[in-house]
Each structure stands twice: as structure tokens, then as C-alpha cells.
Amino acid sequence: MTLIFTPLGIRGIFGDGIDSLLVERLSNIFGRELGAGSLVVVGRDTRPSGYVLDKAVVSGLLSAGVNVMNVGIAPTPTIEWAVERYGADGGVIISASHNPPEWNALKLIGRGGLLLHPDEMERLRKRFETEGFRSVSWKDVGMEEVVDVTEEYLVDLLSYVDVDRISGAGFKVVLDVNGGAGAYVTPYLLQSLDVRVNTINSSPGVFVRELEPRPDTLRDLSRVVTSTGSDVGFAHDTDADRLTLVTEKGEVLPEDVTLALVVDYVLERRGGGILVVNVASSRMFDDIAKRRGAKIYRTPVGEAYVAHRMREVGATVGGEGSCGGVILPDFHMGRDGPLAAAMILEVMASRGKSVSQLVDELPKYHTLRVNLPRQRDWESVRRDLISMGERRGMEVDLTDGVRLSDLEVWGLIRPSKTEPKIRILVESEDPSKAEEFLEEIKRVVTGG
């Protein structure tokens, strides 16, 4: 069984961990938690198993007496936006995001369009372990309405950005949606901004590359950007809550850069503010916050942690640099890839600079990311890492996994919440120091 019940969602390989019976029961419990008569927005990405799980989710909710607004295939940010926009009591997103196609998952949304707080997810997990499926009487069964919210979402998004400035810039863009839900939104957004857009890998449900938009998976996008003389390349994951950038020169940028460009622009316009990022986000965010006179908070990795912290402190902007996820609370409280694309174009148009020129103005760090199979007990690895940090005289932060840092280099080592892996992130201004520290961490993690 591959079922992983995390504070951020429930996921597994379809047919071997997550299936329609499990999902129906879980949705039924979630519906009962919200209460009969509640309204829940349901949507999914383009994975083939999503069609099956959609039916199970709706059945579970209706049997709990909950009404369903089914938006069909849509990006995760569109579904989160719809929960807030329509005043729904909750939402269910059927998507395993960047996981391989055989995986699927449920992301559960609360009022206001935020992912359930980890404490709420833990309460739901305990109910799932002890309770079965329960149905209301025949006369109290909920009702389902199928609604296409894409147009309203686009209208709302276009009212948030500077359409005239972007439209007047004459941009040419290559967009890689890789068969994901972004195909239903982002091309139309760019066309509405008078951007000449060339969309690749655009057949829904046909996944040409690995689903996570990383530098090593976007070689085709890079080639098309340079061969067509485009200004920028955009890449989404399957549910389009992430955005990775390719410069006009074909350079695939680290995930942190998307958020960094938006954060710097927003804080400059606001004259400061409050920034929230996770502990896996680059040290450049500390530099940007200092430069713009903003306060910065860090959270564990995961959109739910970031979004709830943003709501708590009244943040101006935030997100997860570690995945290119941008959250602008004035629009809605979820990571939003289409919105991030529009904001990047606004930054380019407003400052009259190419992506390469904008990146040259950011603080420079060398970042290394490695995923290792989880071979040892995490608690043993954790103790060994803390001991290593103490021997080196480093600051040890246990907010999420183990974060070791000094003035020259820092590293974050944590068990993945979505896969049986240990994730390692190392960053330094000096590439050689980053490489050396990474090798030292790998020896500790593997016990070598």
C-alpha cells in the first residue's frame, strides 16, 4: 500500500493505496465534518484516474448531505479561488500535483479557500481510522451542480494585474503545460493580455515530460524559447499551482526565482510589508526583505503552513520558493501559477527589462537539490545531522526536518511529506562550499 496521509493531503498510487472506495469514505467523513447543507467545490487535474475519483468524492459528499459545486478539470488555484469567491464551506481538489501520473491525491480546502490547517487534517485522519461510511436519509441527500468557473476566474485575475502595461509590451511567450490543467486557463490568460503564445505539450492528460517542472525536465521548452526568439518560457506542473521560468537565452531558472521576482516587485510597490516563505526557500528572500524594508517569517514546507501563517500575520505576499509557488492574498490564498505568469510579465513590462536582466539584479546563491531514497530510520538520521551541525558550530533549526546554517552555507534535510524520500537542499554564495557541504550531508544521511 502506498497511501500517504500527510498534514497537507492524502495521496497514493491509484489502485494500490488510493482508490474509489477509500476516497468515497474519506469524502463522506469530510462532508460530515462540515455538516449537512454545506457547499463544497470539487475539481481535478487531468490524470486519467481523476475521472474515477471525482465520482467517488461526489458520492461521498452527497451521501453526507453536502451540496457539491463541481468545476470539473481546473487548476488547483482556480478551485481554491472558487471556494472563496462563492463562499463555499470547503473544497476537494483531486490532484497529486508533481507526483508521477500513477499517483493521485486529495487536497482538502476549508472556508476562505485555504488548505485545511495541519491540525484539522490530523483530526480528519483520526476520524478516518475509526469511522466508516455513513449516509443521511434519502430525503437529505445533497445536490450536485456542474459549473464552469474558468471565465470568471480569468476576469478576476485580469482585474488584478496591469493589463494595459502588459498588452503594450508585445511579449512573445512559450508555455509548457505538459498535458495538465493549466491548458484550460493559462493560454487564454496570455491571449487576453495580447501576448503571442506558443503552447507546447498541450494535449490534456498526455504527459510528455516528468510532471515536476525542474531545470532537468525542461530542455524542450528551453530549445523552443531560443529557436522562436521568445521573451520568456513558462512551465506548469499538472495542477498549475507552480511556475518555472526559462529566460530568453534558454536558461532554465531555479524554482526560487519565480517567487523572488514577484516578491521584490510587490514589496517595492507597497513600500515594504510582510513576507512569508518556507524554510526551504532561498536566503535571497532574507536579502530582498531587508532591501525592501519588509519583515520575513518562515514556516515548514507546504502550502497549508505558508497560507495559514500569511493569514495570521496579515502578509503582503508569500509562497514557496522551493517550488515556484506564488501566493498573493489580495487575489486569493493559494499558490497560483497562472497569476504568477501574469505577474512576471508585469514585472518585465514595468521595469522594461528582460528576464535575464531582472535575474541579474537578484542576490546570487548557488543552490543544490538532491532526493535520496529513505534507507535509514529518520530519527537516527535526524540525531546524526544535529550532531554534525553542533560539531561545526552551526545554527540548528528544527522547524521542518533539520536546517543547518552559518554565514557561508546552509542546508535543509527533511523527509518528504509526499514520497518515500529524503530531500536535501544546500545553498551558498560559493559553489565549492555548497558542493562540499552536500557531500558531507549525504554521508550522514546514508550512514556512509
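The values are calculated or read from the model by the stated rules, or taken from the named source; none is laboratory data. Values in this document were obtained by computation on a predicted structure and should not be read as measured data. Note: ideal-geometry Cβ built from the backbone for every residue, glycine included; neighbour counts use all protein chains shown.
Which condition does Pro7 not pass, out of (1) touching a His at 6+ places or on another chain (Cβ under 9 Å); (2) within 27 Å of Thr150 (Cα to Cα), if it passes all the others?
(2)
What about Gly112, is it under 16 Å from Gly90 (Cβ atoms) and in contact (Cβ under 8 Å) with a residue 40 or more places away in the chain?
yes
Residues of the stretch 268-285 being without any contact (Cβ under 8 Å) to a residue 60 or more places away in the chain, outside any helix (DSSP H, G or I) and either buried (at least 17 other Cβ atoms within 10 Å of the Cβ) or charged (D, E, K, R) (or both), which ones?
Gly273, Ile274, Leu275, Val276, Val277, Ser281
Take Trp103 and decide whether it is surrounded by fewer than 16 Cβ atoms within 10 Å (Cβ to Cβ) and not β-branched (Val, Ile, Thr).
no
Restricting attention to the stretch 51-67, report how many residues are touching a strand residue (DSSP E or B) at 6+ places or on another chain (Cβ under 7 Å) and surrounded by 24 or more Cβ atoms within 10 Å (Cβ to Cβ).
Matching residues across the stretch 51-67 total 4.
Residues that are surrounded by 15 or more Cβ atoms within 10 Å (Cβ to Cβ) and within 30 Å of Thr446 (Cβ to Cβ): does the stretch 324-333 have at least one?
Scanning the stretch 324-333, I find at least one residue that is surrounded by 15 or more Cβ atoms within 10 Å (Cβ to Cβ) and within 30 Å of Thr446 (Cβ to Cβ), so the answer is yes.
Identify, please: which residue in the stretch 10-29 is in contact with a Leu (Cβ under 6 Å, 6 or more places away or on another chain) and under 21 Å from His117 (Cβ atoms) and is, among those, surrounded by the most Cβ atoms within 10 Å (Cβ to Cβ)?
Looking at the filtered set, the residue picked out is Ser27.
Condition check ((1) surrounded by fewer than 24 Cβ atoms within 10 Å (Cβ to Cβ); (2) among the aromatic types (Phe, Trp, Tyr)) across all residues:
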position	(1), (2)
Phe207	yes, yes
Ser227	yes, no
Thr238	no, no
Val263	no, no
Asp287	yes, no
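Residue under question is Lys290, and the condition is that it be more than 16 Å from Asp400 (Cβ to Cβ), modelled with pLDDT of 95 or more, in a helix (DSSP H, G or I) and outside the structural domain of Leu407 (by TED's automatic domain parsing); does it hold?
Answer is yes for this residue.
Could you please let me know if Arg25 is of a type outside the set (Asp, Glu), on the phi < 0 side of the Ramachandran plot and under 21 Å from the mean Cα position of the chain (by Cα)?
no
Scan the stretch 336-347 and tell me whether some residue there is under 19 Å from Pro118 (Cα atoms) and aliphatic (A, V, I, L, M).
no
Could you tell me whether any residue of the stretch 196-215 is assigned to a helix (DSSP H, G or I) and within 17 Å of the chain's Cα centre (by Cα)?
yes
Determine if the stretch 17-36 includes at least one residue that is farther than 30 Å from Val185 by Cα, among the small types (Gly, Ala, Ser) and assigned to a loop (DSSP other than H, G, I, E, B).
yes
Filter the stretch 321-360 down to the residues that are touching a residue at least 40 places away in the same chain (Cβ under 8 Å) and assigned to a loop (DSSP other than H, G, I, E, B) and list them by number.
Scanning the stretch 321-360 gives Gly324, Leu328, Asp330, Phe331, His332, Met333, Gly334, Arg335, Asp336, Ser354.
Which ones in the stretch 308-327 are modelled with pLDDT of 95 or more, more than 16 Å from Val185 (Cβ to Cβ) and not polar (S, T, N, Q)?
Matches in the stretch 308-327: His308, Arg309, Met310, Arg311, Glu312, Val313, Gly314, Ala315, Val317, Gly318, Gly319, Ile327.
Does Asp384 satisfy the criteria of being of a type in the set (Asp, Glu), part of a helix (DSSP H, G or I) and within 21 Å of Arg414 (Cα to Cα)?
Against the criterion (of a type in the set (Asp, Glu), part of a helix (DSSP H, G or I) and within 21 Å of Arg414 (Cα to Cα)), Asp384 qualifies.
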